[in-house]
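My questions will all concern the structure given below.
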Amino acid sequence: MNAKFNDTHNGFQYYPTPIDLAARVWKKLKDRHPSRVLEPSAGKGHLLKGKLNPRYEYSKEYFHNIDCCEIDVRHHADLRELGVKIVGHDFLAMESGACYSAIVGNPPFHSGEKHVLKAW
């Protein structure tokens, strides 16, 4: 596999969400008007970028209600550049997600079921 899309050193799995799939996720969430959203394995923010509407000028306030977790600190600068608040490193170690009205994610394959059950 291409290392650009599969970063497994240090035990991390990094598979960026394709933008068209990310846009479909946010479209499904649009009618629900979530007040606060968590992205538990944010990577470099590819899933979050699916929320962007290319017709409008982007600003960091666009992600004002979105928090994220990302275990790989090498990606934190990319997330901060988007304007997303990083609330933790390891989603599976978070105490509670009760404050979130929606959780969207593309979990790592090796622990996907644990991520989905925790998000649920």
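Within segment 76-108, count every residue that is within 11 Å of residue 43 (Cβ to Cβ) and more than 11 Å from the chain's Cα centre (by Cα).
3
For segment 70-104, which positions are open to solvent by less than 60 Å² (accessible area, probe 1.4 Å) and either over 22 Å from residue 13 (Cβ atoms) or assigned to a loop (DSSP other than H, G, I, E, B) (or both)?
70, 72, 83, 84, 94, 97, 100, 102, 104
Okay, next question. Would you pick out the residues in segment 105-120 that are open to solvent by 30 Å² or more (accessible area, probe 1.4 Å) and in contact (Cβ under 8 Å) with a residue 40 or more places away in the chain?
Selection gives 105, 106, 107, 109, 110, 118, 119.
Being modelled with pLDDT of 80 or more, among the hydrophobic types (A, V, I, L, M, F, W, C), out of contact with any helix residue (DSSP H, G or I) (no Cβ under 8 Å at 6 or more places or on another chain) and at negative phi: is that true of residue 23 here?
yes
Let me ask another. Select from segment 30-69 the residues that are surrounded by fewer than 18 Cβ atoms within 10 Å (Cβ to Cβ) and small (Gly, Ala, Ser) and write down the one among them that is modelled with the lowest pLDDT.
59
The values are calculated or read from the model by the stated rules, or taken from the named source; none is laboratory data. The model shown is predicted, which means the values in this text are computed figures rather than measured ones. All Cβ positions, even for glycine, are placed from backbone atoms using ideal geometry, and neighbour counts span all protein chains on display. The accessibility values were calculated without ligands, DNA or RNA, using every heavy atom of the protein model including side chains. Shrake-Rupley method; radii C 1.70, N 1.55, O 1.52, S 1.80 Å.
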